[in-house]
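The values are calculated or read from the model by the stated rules, or taken from the named source; none is laboratory data. Fair warning: this is a prediction, and the values are worked out from it, not measured in the lab. Positions of Cβ are backbone-derived with ideal geometry, glycine not excepted, and every protein chain shown enters the neighbour counts. When the accessible area is computed, the model is the full protein with side chains, heavy atoms only, and any ligands, DNA or RNA have been set aside. Shrake-Rupley method; radii C 1.70, N 1.55, O 1.52, S 1.80 Å.
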Amino acid sequence: MIELENQTHQQGIQMEKSLVVIALDIGLKRIGVAKAVCGIPLCLAPILRQNRNQAANAVNALVNTAKADVLVVGIPMKDNLESKEDAIAQMQRRIKHFVGLLTLPKNTKVVFIDENFSSQEALEKLEDKKMRKKAHSKDGTLDSHAALVILERFLATKQIP
C-alpha cells in the first residue's frame, strides 16, 4: 500500500515537473520572457514591442512553439499607497488587455501572479557588474530576468492549475 502511494506521488511530481511554463513581464516597450522545462527556469530573449499586435503574435508563436501548458503573467498588485493605485489599476488593465489579444491553445492555462519588485529583485541577483550594466540598457535583459523572478515565484508557490 505504501509503495503504491509513493509511486503515485512520484508520478504526480513527474507530471508536474514535465509541464512547460512560460512567464512574461509585460511592459510598454519590452516583454521579458522566461521558461521552465522539467522544473528548470531559464531566461529567454525578450520581445521588443513595436506595437501590441506584433508583440501578441510573438508571444503566441512562443507559446505554440514551446507547447506551453501554463502562461504565467506578472501583474502589479495593489498596495496601501493610494497615490499609486491609479497607475497600478491602469497597468493591470493594459496587461489584461494584452493577454486578451493572445490566441492561446485551449489547453494553455493563464495564471496572473504578483510582479511587485521583480525587476529590483532581478537586478539584485545579478552579481556581475557587466551584467548589471547590461541590465540597465534598453535591450530587455532586465525584463527577462524579472520574468525569471516571476517564474521562480510561481514555481515556489506551486500554483500549477
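Brief remarks on what is shown
- Flag for Asp86 being among the acidic types (Asp, Glu), within 19 Å of Leu44 (Cα to Cα) and either open to solvent by 90 Å² or more (accessible area, probe 1.4 Å) or modelled with pLDDT under 90 (or both): no
- Any pair with Cβ under 7 angstrom, 6 or more apart, that starts in region 104-115 at a residue that is assigned to a loop (DSSP other than H, G, I, E, B) and ends at one that is of a type in the set (Gly, Ala, Ser): Thr108/Ala68; Glu115/Gly74
- Complete set of residues in region 59-72 that are open to solvent by 10 Å² or more (accessible area, probe 1.4 Å) and either over 20 Å from Asp114 (Cα atoms) or part of a helix (DSSP H, G or I) (or both): Asn60, Ala61, Leu62, Asn64, Thr65, Ala66, Lys67
- Which numbered condition Glu16 misses (of (1) at pLDDT below 95; (2) exposed (fewer than 12 other Cβ atoms within 10 Å of the Cβ); (3) assigned to a helix (DSSP H, G or I)): (2)
- Verdict on Val73 being among the aliphatic types (A, V, I, L, M) and at pLDDT 95 or above: no
- Enumeration of residues in region 31-51 that are touching a Lys or Arg at 6+ places or on another chain (Cβ under 6 Å) and modelled with pLDDT of 90 or more: Leu42, Leu44, Pro46, Leu48, Arg49
Here's the yes/no breakdown for (1) farther than 15 Å from Ile95 by Cβ; (2) open to solvent by 10 Å² or more (accessible area, probe 1.4 Å); (3) in contact (Cβ under 8 Å) with a residue 12 or more places away in the chain:
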position: Val33; (1), (2), (3): no, no, yes
position: Ala36; (1), (2), (3): yes, no, yes
position: Ile40; (1), (2), (3): yes, yes, no
position: Pro46; (1), (2), (3): yes, yes, yes
position: Gln50; (1), (2), (3): yes, yes, no
position: Asn57; (1), (2), (3): yes, yes, no
